[in-house]
1. For the range 24-30, in order, what is each residue's ³J(HN,Hα) by Karplus, 6.51 cos²θ - 1.76 cosθ + 1.60 with θ = phi - 60°, in whole Hz (x at glycine and Pro)?
2. Distance cut-off 31 Å, Cα to Cα: go down the list Lys62/Lys130; Lys71/Lys136; Lys6/Lys54; Lys62/Lys125 and report the pairs above it.
3. Phe144 versus Lys6, label points 7 Å from Cα toward the beta carbon: distance in nm?
Amino acid sequence: MTYISKFHVAEEQLLDAINLYIEGRYYSASTLAGAAEEIFGRILEHQGKDSALKEANEFQNKINEVVNLPKQPIRKTANRLYDLRNNLKHISPEKTGNSVLHFRFSPDFQTSLLRAIHNYQKLKKGRKMKHEIEDKLHEFRQLFWANNKKDFKKYK
């Protein structure tokens, strides 16, 4: 029997997600990134640290407080953030009437991967990252900025 830690499983999923994203295979990248994000997030929570999901929920609730809206439960934030991943995994024609997905191509795929990377980097803080992940993160960042340069120019 073989034993492997959940962290190492998630680390492999993250590396595969980055590679798939770089290759333009966004659907598989999204589901693997989501799986890695969830594992890393639960490890962070077990260590008493905030995951990307918890941080997103807290940020949403700060906005809600300013505009006099009720606090949003973390489950609602999770449903919104994981909508693409869950729809890719669980297409339900009886619920939607068809099997067509509607999403914002670039932001939905990128944020899924960015949340997984964020959780991974929080876990690795102060410790050396796996060399191949570090290299792929550099490649991902270059691709991310190249793909989003025109969007960022809008806000100058």
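1. Working through the residues one at a time gives x, 9, 5, 5, 5, 4, 5 Hz.
2. Cα-Cα > 31 Å for Lys62/Lys130; Lys71/Lys136; rest within.
3. 2.4
Values in this text are rule-based calculations from the coordinates and carry no lab data. Fair warning: this is a prediction, and the values are worked out from it, not measured in the lab. All Cβ positions, glycine included, derive from the backbone under ideal geometry; neighbour counts span all protein chains shown.
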